[in-house]
Amino acid sequence: MIDLHTHILFDIDDGAESIEDSLAILSRAEKRGITKAVVTPHFTLGDDVESFLKKRKERTEQLKEELSKNNISIELCEGAEVYITDEIYNETRLKELTIGTSGVMLSEFKYHSLKIDKFLDYIEEILFNNVKVLIAHPERYTYLYGRERLIDMLINRGVRFQVNAISLYEEGEAGDFARMMVTSGRAFAVGSDIHHARSKRLDAMAEFNKSEKWRRLLWDNPSKIFTGEVN
Ligand SMILES: [Fe+2]
């Protein structure tokens, strides 16, 4: 599987704290069938892009070396989970925050009480910067519940949605929304959003991967990000 959403990079956000933590997560991820993972540390717009990129590169290179020493064969790619704030209107380096060289940005928004108009305006601003939008865990945004027509309009504009695997096994509105996104064909990808080795999030990925039916969301679509087939 290709995991487009992870916090496996150490000492950079609220995910892995040490390189040992990173290796513990990746070792479990390999056993559960992950073959490629994008490191997507949290980045809040308004923070310094340069220092974030420098730190991410250093950590990723260190981690790649450790992976090969430990015979863990997961390919890493650099990305970020970008929290969208009003700084979107000032930030000129969005392209550098996208996944690899894809121009696709994993984008996170306020979970509740974001006005729909504001949400849409943020998305327009990202697109205006010639950056493609992959919305992280839409099931967390309560203002999207019951808004299938709006979601379809966004999909028609080229916006894509990444659902967290663990959400698919949860009860309640978030779980219902996540399942609706997958079964209706609105989700582009399912990712882990893994932060800690002990979490059940990788198990959820492995469980979801059992059905050939969902291959598109774990393998085919995520791979398109790297082959430039996402337009
Ligand atoms: Fe995340």
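Calculated FRET efficiency, D14 to D152, Cβ-Cβ distance, R0 = 25 Å: about 0.15 to the nearest 0.05.
Taking every DSSP helix (H) stretch of at least 4 residues in the chain, weighting each as -39,500 (n - 2.57) and dividing the sum by the residue count yields a mean residue ellipticity at 222 nm of -11000 deg cm²/dmol.
Taking a cut-off of 24 Å, what percent of all Cα-Cα pairs in the range 104-229 are separated by more than that? For the range 104-229, the share of Cα pairs beyond 24 Å comes to 26 percent.
Report, in listed order, any pair from K36/K132; K36/K213; K57/K95; K55/K200; K95/K200 with a Cα-Cα distance greater than 24 Å. Among K36/K132; K36/K213; K57/K95; K55/K200; K95/K200, the Cα-Cα distance tops 24 Å for K55/K200; K95/K200. Rounded to the nearest Hz, the phi-derived 3J(HN,Hα) couplings of the range 49-54 under the Karplus curve 6.51 cos²θ - 1.76 cosθ + 1.60 (θ = phi - 60°) are 5, 4, 5, 4, 5, 5, where x marks glycine and proline.
What ratio of Cα Rg to 2.2 N^0.38 Å holds for the range 16-130?
Values: Rg = 16.0 Å, N = 115, 2.2 N^0.38 = 13.4 Å.
The reported ratio for this selection is 1.20.
Near I135, the amide H atoms lying under 5 Å from its own belong to S107, R160, F161, Q162; only residues 5 or more places off or on other chains count, and H is placed 1.01 Å from N.
Under the combined filter of DSSP loop state and at most 16 neighbouring Cβ atoms within 10 Å, the range 129-231 retains these chymotrypsin sites (Phe, Trp or Tyr not before Pro): Y145.
Karplus-based coupling profile of the range 19-31, in residue order and whole Hz: 5, 5, 4, 4, 5, 4, 5, 5, 5, 5, 4, 4, 5, with θ = phi - 60° in 6.51 cos²θ - 1.76 cosθ + 1.60 and x standing for Gly or Pro.
For D11, the residues 5 or more places off, or on other chains, whose built amide H falls under 5 Å of its own are E17, S18. The alpha-carbon atoms of the chain, seen along their principal axes, cover 49, 41, 31 angstrom, with the largest extent given first.
In order along the range 139-152, the phi-based Karplus estimate (6.51 cos²θ - 1.76 cosθ + 1.60, θ = phi - 60°) of 3J(HN,Hα) comes to 5, 8, 9, 4, 6, 9, 5, x, 10, 4, 5, 5, 4, 5 Hz; Gly and Pro are listed as x.
How do R93, R56 stack up against each other in accessible area, from largest to smallest, with a 1.4 angstrom probe?
Largest accessible area first, the list is R93, R56.
Suppose R0 equals 35 Å. What FRET efficiency, 1/(1 + (r/R0)^6) with r the Cβ-Cβ distance, do T44 and E171 give to the nearest 0.05?
Working: r = 31 Å, r/R0 = 0.87.
Plugging the Cβ-Cβ distance into 1/(1 + (r/R0)^6) gives 0.70.
For the chain, relative contact order (Cα pairs under 8 Å, six or more residues apart, normalised by length) works out to 22 percent.
Rolling a 1.4 Å probe across the protein heavy atoms gives the range 2-225 an accessible surface of 45 Å² per residue. Give me the net charge of K69's neighbourhood, meaning all other residues with Cβ under 15 Å from the Cβ of K69; Lys, Arg count +1, Asp, Glu -1. Once positives and negatives cancel, what remains is -4. Counting only protein heavy atoms and using a 1.4 Å probe, the accessible area of T92 comes to about 120 Å².
Determine the shape class of the range 90-162: with a ≥ b ≥ c the square roots of the Cα gyration tensor eigenvalues, call it rounded for a/c under 1.5, and otherwise prolate if a/b is greater than b/c, oblate otherwise. Prolate, since a/c reaches 1.5 and a/b exceeds b/c. Counting only protein heavy atoms, what percent of the accessible surface of the chain is carbon or sulfur at a 1.4 Å probe? It is 47 percent, rounded to a whole number.
The values are calculated or read from the model by the stated rules, or taken from the named source; none is laboratory data. This structure is a prediction, so every number in the text was calculated from the model and none was measured. Methodologically, a virtual Cβ is constructed for each residue, glycine included, from the backbone with ideal geometry; neighbour enumeration extends over all protein chains shown. When the accessible area is computed, the model is the full protein with side chains, heavy atoms only, and any ligands, DNA or RNA have been set aside. Shrake-Rupley method; radii C 1.70, N 1.55, O 1.52, S 1.80 Å.
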